[in-house]
Amino acid sequence: MRIYKAKDYNDLSRKAANIISAQIIMKPDAVIGLATGASPIGTYKQLIEWYNKGDLDFSEIRTVNLDEYKGLSPDDVQSYAYFMKTNLLSHVNILPENANIPNGLEEDPEVECKRYDKVLHSMGGIDLQLLGIGGNGHIGFNEPGNNFDKETHCVTLTEATIDANARFFESRDDVPKYAYTMGIKNIMQAKSILLIASGEEKAQALYDSFYGPITPNVPGSILQIHNHVTVVADEAALSLILKEHEITTGGHVL
Ligand code: GLP
């Protein structure tokens, strides 16, 4: 695992976009796992810019998103499907039939989780999975305490995550209580993982994930046993790690 220090959010976004574009150039039909939240917005903007310049071609790329709120339709502005459409998919040449995301409108968790796992299995593995991290260490919507060996499942969001995500909704009451998420098992099966984090509110989660014990109480800590993880984080998110470790431009190897 290697941790790279970015000066700020812009630098982080460019570095992350560089890693993703290298993957796309090396394997034009790669399966890319996508994430939502504030963290990847800059990365997606950068990828769109390079696409517009003619430097990137997504025509054979297949994408799989980590998660979706249960109960929200793809047209709902708060849904992750809508987020993906507005922040990436409608701006680049990823074919609609190649973009996958859990269906928030499926009421039966068993049906939807089985369907999504089938999609994931049919792709032959995710080449590069982009991840953000929650302030409580969650990845995707795998909340603390969640079993490490799950595939796609329906989760009850923790109060901490509802609080954190309330910033995107009109009121806290509007935040859905349930979500469909790829499980840790799906994430760990990705051939490589790129985790990005920005801001001081991620400092503890980053420190605990990469320097603490591996425990379901900190879902991100499972990444310590994956053999190809790259972390790109800004100085604020790395603040606790930087107190103990120097991170040079070549990255810090764990
Ligand atoms: C949500 C998403 C996660 C994301 C996390 C952090 O809960 N389900 O996939 O990593 O938020 O989001 P942000 O990047 O906005 O801090």
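Structure notes:
- Under a Gaussian network description of the chain, with springs only between Cα atoms under 10 Å, the residue in 160, 203, 237 that fluctuates furthest is 160.
- Dipole-positive endmost among 138, 102, 153 within the range 93-180 (Cβ charges, Cα centre): 138
- Whether the range 145-254 is rounded, prolate or oblate, judged on the alpha carbon gyration tensor where a/c under 1.5 counts as rounded: oblate
- Alpha-carbon centroid distance for the pair the range 68-116 / the range 28-61, whole angstrom: 17 Å
- Within the accessible area of the chain, the carbon and sulfur atoms contribute 51%, probe 1.4 Å, all protein chains present.
- Cα-based convex hull, the chain, per residue volume (Å³, whole number): 116 Å³
- Neighbours of residue 123, meaning other residues whose beta-carbon lies under 12 angstrom from its beta-carbon, give a summed charge of 0 when Lys and Arg score +1 and Asp and Glu score -1.
- For the chain, the dipole from Cβ point charges (+1 on Lys and Arg, -1 on Asp and Glu) about the Cα centre works out to 700 debye, to the nearest 20.
- Exposed GluC sites (Glu not before Pro) absent: longest stretch of the chain, with sites in DSSP loops and at most 12 other Cβ within 10 Å deemed exposed: 1-106
- When you restrict to C-alpha pairs under 8 Å that are six or more residues apart and normalise by the size of the chain, the relative contact order lands at 27 percent.
- For the residue pairs 118/191; 118/202; 45/185; 15/243, the C-alpha atoms sit more than 21 angstrom apart in 118/202; 45/185; 15/243.
- Rounded Å value of the spacing that divides the Cα centres of the range 220-249 and the range 118-194: 20 Å
- Solvent-accessible area per residue, Å², over the chain with all protein chains present [probe radius 1.4 Å]: 45 Å²
- Within the range 3-53, trypsin sites (Lys or Arg not before Pro) in DSSP loop having at most 15 other beta-carbon neighbours inside 10 Å: 7, 53
- Stokes-Einstein D in µm²/s, Kirkwood radius over Cα pairs - the range 4-105 at 4 °C with 1.567 mPa s viscosity: 93 µm²/s
The values are calculated or read from the model by the stated rules, or taken from the named source; none is laboratory data. On a predicted model such as this, the values are computed, not experimentally measured, just so you know. We place every Cβ from the backbone using ideal geometry, glycine too, and count neighbours over all the protein chains shown. Heavy atoms of the whole protein, side chains included, go into the accessibility calculation; ligands, DNA and RNA do not. Shrake-Rupley method; radii C 1.70, N 1.55, O 1.52, S 1.80 Å.
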